[in-house]
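Scroll down for the structure; my scribbles are underneath it.
The values are calculated or read from the model by the stated rules, or taken from the named source; none is laboratory data. Everything numeric here is computed off the predicted structure, so don't read it as measured data. Neighbour counts run over all protein chains shown; Cβ positions are idealised from the backbone, glycine included. These area figures cover heavy atoms from the full protein model, side chains too; ligands, DNA and RNA do not enter into them. Shrake-Rupley method; radii C 1.70, N 1.55, O 1.52, S 1.80 Å.
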Amino acid sequence: RKGNFGINGYFNGNEQINTTTLNTNDGFSYNNARDTSTHLFEKGNSATTRGGYRSGLSFNWSITKKDELTAAFGYNHFANHNFGLTNQDQTITNLTNNSIASEMASLRNSDTRFSGKYFDYSVDYKKTFKKENQELDILYTSSYGSNNSDFLQQVDTTGRSSSGIRSNNPGKDHQTEISIDYTQPVSENFTIETGAKTELENINNTVVTDTLSKGIFVPNANQTYGFNYNRKVFAYYLSATFSLFHNFIDGKAGLRDEYTSSSDDFPGPKIPGYNILAPSGVLSHKIDKTQSFKLSYTYRIERPEYRDLNPFYDISDPHNISTGNPNLRPEVGHNYEFGYSKSFAQGANIYVAGFYRYNTDDIQSFTTHYDTLTIGGTKYNNVYLNQRYNIGTETTEGVSLFGSVPITNKFNLRSNMMFSDRITANPGNPTVSGFMYRINLNATYEFGNDLTAELFGNYNSSQRTIQGTRPAFAFYNMAVRKQFMNKKLSLGLTAADPFSQYITLTSTTAGNGFNQSSMRQIPFRSFGITLNYKFGKLEFKKEKPKEDNNNDVPTPEAGGGGK
């Protein structure tokens, strides 16, 4: 930075060497007539390599002391490669005479490659005024992406000719956001914030598919197509920050109006547009300098993602097929929270909150079993089809706890815990209820002489779903850091799950006439060395965090440095 002009540049990249995940899937199903049963057992591995880089430049011009203009440009690239073998054993039993109708063994070879390149830029203008906290912020961002995925699969079955499919899927996307935010302090205890935001998204994709016939891949017109998807979101918000009863209560209340319009050339029904009014509010009271209460309500909107809407069939596993659902509606949530915080003279602090969340049009995955499923003119047997649907309502009640306790001057403990009960209700189906919890713990010890050790552990319990269970998940990390040269140079040693080669995730799914059990063993163990050297006098500045109104966009600040 020199005078009123500054430049900031960055580049980072990573490459992951080959890691192999083990997969096991055990499924049992009945046909529609209930006179035969099918047992499908799959066991295989999936090797993955991935890598990419991110780069960018930003320019800041302090036009005056109250006018800032920032422009930023970025170029990113990402690629991955997945390949593996899966053994499939299928046994069909005739239930009328309890005899084996057929046995079939096959080996599936799959190979998937993805590559994506993305260019984005933004221009931000910020103006401050004579009155403190009065501010105008105008931001324009745009992103262009092009990507391509290639897929190849071949299945060799004992006593039968090989079958296979390959697909090439090039695509492009363009996203633009324009936002205007304005803050006007009216008095010492009353401030108004208002703003508008537009999001424009355009995605187009092409699917070119060939199928294996007599040892040769030939074009498959039934599974070759192109499609476009467009979404426009227009939003406006108005909020007020205030104090009541001589600063006895501090509060903020707001209302956001969002209109979403979507268009596509997917086959079937079109995606309807919708307008949503989203109120929010928070009230807080300080008992004294160390204690306070907070009561809040937020109205949340979760729009379905493009991959959830895309009707493309993923047939990488012909027995476990997934596809999108263009008819998905947004999920709407009502979140209530009441919390209490307390800090202590020795440096400890705690926060305890009870919460209640109620979601309508809840978006959840659902699996249906088919004896035979025809896709693009091709029949697939014994298929588990997975799609996402708006399924009834979901209610979550629970409590969250946070605490930070300095045991000694050198030893500090921090923990974050959440315990809740989730109830999913879908008309015409049994209500599902399940208890779940999440616990993490962070311990830091300073040995002196700029030597620090840290231990972090996390555990997420298993969760019940409308059709089964999601897996529990646990991991832990350890690190030691030594600083040198007045803390400009630091050397660190890290380890993640050093005593376990894999993290094992087991899930179950059951439905009308079937049940499944799946297990994934993910290689999570790793060891690392980090070396950091800080130089220069400039530092990155951070924006003062704003209240969440879903329209705030972080504003880049001038500054730089080196590491």
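Where [x] 66; [y] 49; [z] 57 are the candidate values, the label of the one calculated here for percent of Cα pairs over 30 Å apart is [x]. Multiplying the residue separation of Lys131 and Lys270 by 0.36 nm and subtracting their alpha-carbon distance yields 45.1 nm. Summing Cβ point charges (Lys, Arg +1; Asp, Glu -1) relative to the Cα centre of the range 442-541 gives a dipole of roughly 300 debye.
Per residue, the solvent-accessible area of the chain (1.4 Å probe, heavy atoms of protein chains only, all protein chains present) comes to 57 Å².
Helix-only arithmetic for the chain: the sum of -39500 (n - 2.57) across DSSP H runs with n ≥ 4, divided by the residue total, places the mean residue ellipticity at 222 nm at 0 deg cm²/dmol.
Taking the range 36-53 and a reference point 7 angstrom along Cα→Cβ of Leu107, the backbone N atoms nearer than 20 Å belong to 41-48.
Taken along the Cα-to-beta-carbon direction at a fixed 7 Å, the label points for Arg329 and Tyr75 span 4.6 nm.
Extension gain for Arg1 to Phe41 (0.36 nm times residue separation, less C-alpha to C-alpha distance): 8.1 nm. Modelled label positions at Leu531 and Ala345, each set 7 Å beyond Cα in the direction of Cβ, lie 4.8 nm from each other.
In this structure, Met485 and Lys214 have a Cβ-Cβ separation that, at R0 = 51 Å, corresponds to a calculated FRET efficiency of about 0.15. Heavy-atom accessible area for Lys482, with the other protein chains in place and a 1.4 Å probe, reaches approximately 60 Å². In this simple spin-label approximation, Thr504 and Phe402 carry label points 7 Å from Cα along the Cα→Cβ vector, and these lie 3.5 nm apart. Using the Kirkwood radius over C-alpha pairs as Rh, can you work out the diffusion coefficient of the range 141-261 via Stokes-Einstein at 10 °C, viscosity 1.306 mPa s, in µm² per second? Reported coefficient: 82 µm²/s. Relative to one another, the C-alpha centroids of the range 300-374 and the range 4-39 are positioned 18 Å apart. With a Förster radius of 30 Å applied to the C-beta separation of Ser62 and Asn449, the computed FRET efficiency comes to 0.10. Just name one of Ala101, Ile203, Val186: the one whose Cα is farthest towards the positive end of the charge dipole of the range 100-205 (beta-carbon charges, Lys/Arg +1, Asp/Glu -1). So the residue we want is Ala101. The residues neighbouring Arg108, those whose beta-carbon lies less than 15 Å from its own, together hold a net charge of -3 under the Lys/Arg +1, Asp/Glu -1 convention. Taking amide H positions as modeled 1.01 Å from N, with prolines and chain starts lacking one, the residues under 5 Å from Ala472 and 5 or more places away or on another chain are Ser462, Thr506. Phe527 exposes around 150 Å² of accessible area when a 1.4 Å probe is run over every protein chain in place.
Accessible area of the chain with a 1.4 Å probe: how many percent of it is carbon plus sulfur? Using a 1.4 Å probe with all protein chains present, the chain comes out at 56 percent carbon and sulfur. Remark: the Tyr356-Gln154 segment gains 67.8 nm on full extension, using 0.36 nm per residue and subtracting the alpha carbon distance.
In terms of its C-alpha gyration tensor, the range 1-154 has a prolate overall shape, because the principal axis ratio a/c (a ≥ b ≥ c, square roots of the eigenvalues) is not below 1.5 and a/b outweighs b/c.
Ranked from largest to smallest solvent-accessible area, with a 1.4 Å probe on the protein heavy atoms, Arg438, Arg108, Arg481 come out as Arg481, Arg438, Arg108. Under the criterion of Cα pairs below 8 Å and six or more residues apart, the relative contact order for the chain equals 9 percent. Ranking Met417, Met485 by solvent-accessible area of protein heavy atoms (1.4 Å probe, all protein chains present), from largest to smallest, gives Met485, Met417. If a paramagnetic tag sat 7 Å from the Cα of Lys172 along the Cα-Cβ line, which residues of the range 119-147 would have the backbone N under 16 Å from that point? In the range 119-147, the label zone of Lys172 (backbone N under 16 Å from the point 7 Å along Cα→Cβ) covers 119-120, 143-147. With a Cα cut-off of under 21 Å and a minimum spacing of 8 residues unless on different chains, the lysine pairs in the range 221-316 number 5.
Each of Lys197, Lys66, Lys172, Lys214 has its accessible area taken with a 1.4 Å probe; listed largest first, they run Lys214, Lys172, Lys66, Lys197.
If you take the Cα centroid of the range 478-516 and the Cα centroid of the range 102-120, the two points sit 26 Å apart.
Note on Tyr533: accessible area approximately 100 square angstrom, rounded to 10, probe 1.4 Å, nucleic acids and ligands left out.
Between Arg438 and Thr96, the FRET efficiency estimated from the beta carbon spacing at R0 = 56 angstrom works out to 0.70.
Taking the Cα centroid of the range 216-250 and of the range 58-87, what is the distance between the two, rounded to the nearest whole Å? That distance is 20 Å.
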